[in-house]
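S.K.: Once you've had a glance at the structure underneath, I'll fire off some questions.
The values are calculated or read from the model by the stated rules, or taken from the named source; none is laboratory data. Everything numeric in this text was worked out from a predicted model, so none of it was measured. No Cβ is skipped: glycine too gets one built from the backbone with ideal geometry, and neighbour counts run over all protein chains shown. SASA here: full protein model, heavy atoms, side chains in, ligands and nucleic acids out. Shrake-Rupley method; radii C 1.70, N 1.55, O 1.52, S 1.80 Å.
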Amino acid sequence: MTTDFFKRLALMLVLATVQVLVFNRIHIFNIATPMIYLMLPLHFELGKSRWSALVWCFTTGLLIDIFANTPGVAAGAMTLIGLIQPAVLRLFVNDDDGESLTPSFKSMGWLKYVTYSLIITLIYCITFFTLETFTFFNPILWAECVGGSTLLSLVIMLAIEKIRI
């Protein structure tokens, strides 16, 4: 086992614990809930194998589902993110960067990293809230939840990323 595995496991457990104990209790205007566990797939390096990313994302989503009482919603949305993350990351990096690029402010630049994070977070929130409501009965509320949660999650994740540097 490599140290990368244990670092990623520790990050997954910390993010899931903080999400379940702190951020799941924050509901701004009963609409926006931050979802910081998205930081795990945001930091997958460019050359990471697809099956590994899917397993990590599914496991993280399953942990959130178990403790947040969202049966299968987070696991399904996180699995989709694990599937599309390499393709979205390739849109923002050069071919010269190599296969071991880990996304961050330093490696990608501020604007590219924020745009990359926004796309991943938006896709996650659209998938999450669509699976959660499983209907478009109230499309205004759905759009408010998607927009508010995307914005709040992105601001908190970028603040954590800025502190991490």
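S.K.: Mind listing the Cα extents of the stretch 57-113 along all three principal axes, in Å, largest one first?
M.R.: 42, 19, 17
S.K.: How much accessible area does T115 have with a 1.4 Å probe, in Å² rounded to the nearest 10?
M.R.: 50 Å²
S.K.: Regarding the stretch 39-89, what is the average projected area of its C-alpha convex hull, in nm²? Let's see the in-between values first.
M.R.: On the way: hull surface 12.2 nm².
Computing the convex hull of the Cα atoms and averaging its projections yields 3.1 nm².
S.K.: Ok, one more. Over the chain, give the accessible area per residue in Å² for a 1.4 Å probe, as an integer. Spell out each step's value before the answer.
M.R.: Working: 8870 Å² over 165 residues.
Spelled out: the 1.4 Å probe surface of the chain, per residue, equals 54 Å².
S.K.: Hey, another quick one. Extent of the stretch 1-81 along each principal axis, from alpha carbon coordinates, in Å, largest to smallest?
M.R.: Rounded to whole Å, the extents work out to 41, 22, 21 Å.
S.K.: What length, rounded to one decimal in nm, is gained on full extension from L141 through to R164, with 0.36 nm per residue of separation minus their alpha-carbon distance? Before the final figure, lay out the partial values.
M.R.: Working: separation 23, 0.36 × 23 = 8.28 nm, distance 3.38 nm.
Full extension from L141 to R164 adds 4.9 nm.
S.K.: Peptides 10-20, 73-83, 58-68: what's the order by average Cβ count within 10 Å, highest mean first? Please list the in-between numbers first.
M.R.: On the way: 10-20: 16.4, 73-83: 22.8, 58-68: 19.5.
So the peptides 10-20, 73-83, 58-68, ranked by packing, come out 73-83, 58-68, 10-20.
S.K.: Separate question: Expressed as a whole percentage, what fraction of the accessible surface of the chain belongs to carbon and sulfur atoms when a 1.4 Å probe is rolled over the protein heavy atoms?
M.R.: Numbers: 6270 of 8870 Å².
The nonpolar share, carbon plus sulfur, comes to 71 percent.
S.K.: Can you pull the semi-axes for the stretch 67-165, root of five times each eigenvalue of the Cα gyration tensor, sorted largest first, whole Å? Numbers along the way, then the final one.
M.R.: Values: eigenvalues 151, 45, 30 Å².
Listed largest to smallest, the semi-axes of the stretch 67-165 are 28, 15, 12 Å.
S.K.: With bins 5 Å wide starting at 0, give me the P(r) of the chain over every alpha carbon pair, in whole percents.
M.R.: With 5 Å bins starting at 0, P(r) equals 1, 9, 18, 23, 22, 15, 8, 3, 1, 0.
S.K.: Cα axis of helix 110-133 to longest principal axis of the chain: angle in degrees, 0 to 90, nearest 10?
M.R.: Helix 110-133 and the main axis of the chain meet at about 40 degrees.
S.K.: P(r) for the stretch 99-156: what percent of alpha-carbon pairs falls in each 10 Å bin, starting at zero?
M.R.: Computed distribution, short to long bins: 22, 42, 24, 11, 1.
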